[in-house]
Every structure is written in structure tokens, then in C-alpha cells.
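Here is the structure we will look at.
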Amino acid sequence: MNENFNFNTRLKRVCFILIAIGLASLIGGFIYYGENAVHRVWANLLLDSVFFMEIGMGAAFFLAAVYLAWGGWYTVFKRVVEAISQWMPFAAGILFIVLILGNSHLYEWTHKEVVEHDELLQHKSVYLNLPFFFIRFIFFVSALIICTILLRRASLKEDTLPHGDTSMHKRSLVLASVFVPFFAVYILVTAWDWLMSLDPHWYSTMYGWYSFASFWVTSISVITLFTIFLKKAGYLKEVNVNHFHNLGIMMFAFSIFWTYVTFCQFMLIWYANIPEETIYFQHRYGHYHFLFYGIFIMNFVLPFLLLMSRDAKRNLNRLAFVACIIIFGHFVDFYLMIMPASLGPESSPPFGFLEIGLPCLYAGLLLYVVFTSLTKAKMVPSNHPYLQESLHNTL
């Protein structure tokens, strides 16, 4: 349990290659798309910034939620979750820059001349205005980042304490108690601010939960992939099939939860048949028909069928395969939240080199931050009070 992760040259090379591909795609996007470059590039930057930012937020929420639930089963791979959560400050910085520089290319309500001639936007301007927009961002994101960093520090300090000293664990419970209320509010605010305000004339009371369900199951899948990778690389010997079974159950369950929320939102809007509400789905169903049905298959049908049995959740290869499907499926889900609103109902082609290459930049940065974080502590927290419970986790 005293093993440390070795961030070797090969892994660093992979990170740098991904970053280089992403940067080349970003530069190529400005050159290739001509007049459409500005809007398309900023829309893609928003898509990747939000998607990868919320992976970090989801990992931090995983930590806080398990602390408050007094859960111990995850302790042996707790360092993996912590490492992913440390990506959030970097992702938040990138997203903040994107919003500062690109807000006029992304959000209709930032243009005074548009608001002056739109009665609805005038009413919403009390909430949708740039000063208040960035105040919300700085206040909530700063609170979440501070709690996440302090949780990590408490966890690292716990390793240096005498056996049986639970002072850092109690401090972590307090920090988790602060984190969760901020997170509970801001998961809704993020959906309203970063995503729903792209269509400022449209609204849905379930949109925040729809967005949360999407990035939450994505975060669980990312945690699962990292844990499987480290297990197969010879680390985390204490992690057994029962731990992966628990992660598989969560992937399975929250894929169903996403489907429930998605169906409820769609069904209520379809049943009411109010034009200003149905236009949201008309743009996505009418012009992105293949992707509209594709996210249902990738985010519900395949995870449901492939993870239904007990054995499937204990098969690492299948679990990794389904995790990749879920991550890609929810990336497409976020794509459908952002692109039709940013580029209009018909963006051609829907997927080009920018949509494929730019995520490599964020993936490379995520991998680099996570692997670097893993090198700074023992892979298994040796003095966690629930370590023995996790070591003997059975189903």
C-alpha cells in the first residue's frame, strides 16, 4: 500500500501528443472555416471547456458525497478520485478565459442592441447580464475549488498522522458538508448560465437536472477508466472486482437516471406542444436526427444491455468499453445542447476535424494533471479510518 505512481516518459509523450493535436486543430479551425470560424471555434471551445470542467466537478462531488454518506468501499481507489478532482481548478481557469473572450460570440443576450429590441430579454436582463454572470461564476466556482483543494490537503495530511487519529477525517466531513450545498445550487446555475442561456428565449425547469445527470455519469465513467488503467498497469493491487462491481452499478443506475430525466423533459414539452418550448427539440430532432437518436442508444440502450448482468459489472474489459461509450455518448449529448444554439440548426458538417481534434487538447491536459497529482501521494491512503472496510469489500 506504499506504492507511488510513476508518471513515465511514455505517458508524458501521450499527453503532449494529444495536446499538440488539439492545438493544431484549434489553429486549423480559424484558418479552415473562414467566415464561420469565429462562431464555430468558440462554440467548440465552450463545449469542451464545459464538458471537461464538469468531469472535475463530478469527481469532487463523488468525494464529498461518499464522505457525507459515511461510505468506505471506495477508499482503496480514493486517490484516483482525488487526482481527477484536482483537474477542476485548471478546467475552471480555461472555461473562465473562454467565457471572458468569447461571450459576445456565444450569447445573444450580451449584445445591447439585441436586448433593446427584445422585450423578453429585457425582462431577463436582471439575471442575464455580464457582471452578475461572472460574479456567480467566481463566487460559486471559487467556493467549490477551495473545498476541493482543502479536501485533498486533509487527505494527504491524514497519511502523516498516528494510526487511529481521525481529526483529518472529521475535517473532511465538515468540508464535504460545505461543498455539497454549493454544488447543489451551482449544478443548476451552470446549466442556466453556460448552456440554457445559449437559447435565451427557451427554458426548461428540468434542464439543470438533465445537465447534471449527463456529466455525473460521465464522471463516474472517467473514474472507472482511470482505475481500470491503473489496475492493469500493476497499481492498486488492493482494488478487487467488488469495487469495480460497485462502479458498474453506478454507471448502470445513473444511465437509467439520465434516461428518466431526458424522457420527462422531452415528454412534458412534447405533450404541452407550446411553440416556444418545442422549438428546442425541433432544431435538434429535425436537423441532427442521427445524433438525436444516437445519444439514446449510446447513453441508455448499450449501457443497459451491456451492464445488466452481475458478471458484466465484474469484467474489466467490458466495463472499460461501456465507460468509453458513455463518455463519448454524453460528449455528443453536450454537443447537442450547445451547437444547434450556437451555430444555428444546421451546422455543416456536424462533426469535422475541429470537433474531433480539439477534445484531444483537453484530454491531454486532463491526463497530465491527473497523472501528476497521482505522483504526489501514496496510491492508497494508509490511515483512512475506513481502509479495512474497503480492503474487505464484498458483494
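Read the figures in this text as sums done on the coordinates, not as results from a lab. It should be emphasised that the depicted structure is a prediction, and the values quoted were computed from it without experimental measurement. All Cβ positions, glycine included, derive from the backbone under ideal geometry; neighbour counts span all protein chains shown.
Structure notes:
- Counted without the sites themselves, the longest stretch of the chain free of chymotrypsin sites (Phe, Trp or Tyr not before Pro) in a DSSP loop having at most 16 other beta carbon atoms within 10 Å is 204-350.
- For the chain, the longest principal axis of the alpha carbon atoms and the long axis of helix 167-190 meet at an angle near 10°.
- Among Ser172, Ser125, Ser221: highest mean-square fluctuation, GNM of the chain, C-alpha pairs under 10 Å: Ser125
- The charge dipole of the chain, taken about the Cα centre with unit charges on the Cβ atoms of Lys, Arg (+1) and Asp, Glu (-1), comes to about 1760 debye, rounded to the nearest 20.
- The separation of segment 349-374 from segment 65-106, counted between C-alpha centres, amounts to 15 Å.
- The chain: most fluctuating residue of Cys360, Cys324, Cys264 per GNM, C-alpha cutoff 10 Å: Cys264
- Net length available on complete extension from His201 to Thr9 is 64.1 nm, with 0.36 nm assigned per residue and the Cα-Cα distance removed.
- Estimated inter-spin distance, Gln122 and Leu343, nm [label 7 Å along Cα→Cβ]: 3.5
- Unit Cα scatterers, Debye sum, segment 230-346: log10 I(q)/I(0) for q = 0.12, 0.21 Å⁻¹: -0.53, -1.11
- Loop-located GluC sites (Glu not before Pro) across segment 1-100 with a Cβ neighbour count of 16 or fewer within 10 Å are Glu3, with loop assigned by DSSP.
- For the listed residue pairs Lys232/Lys376; Lys231/Lys376; Lys170/Lys232; Lys157/Lys237, the alpha carbons are over 25 angstrom apart in Lys170/Lys232.
- Put a dot 7 Å past the Cα of Trp70, heading toward its Cβ, do the same for Phe139, and the two dots end up 3.4 nm apart.
- Extension gain, His289-His105: 0.36 nm per intervening residue step, less the Cα-Cα distance, totals 63.7 nm.
- What separates the Cα centres of segment 209-254 and segment 302-318 is a distance of 12 Å.
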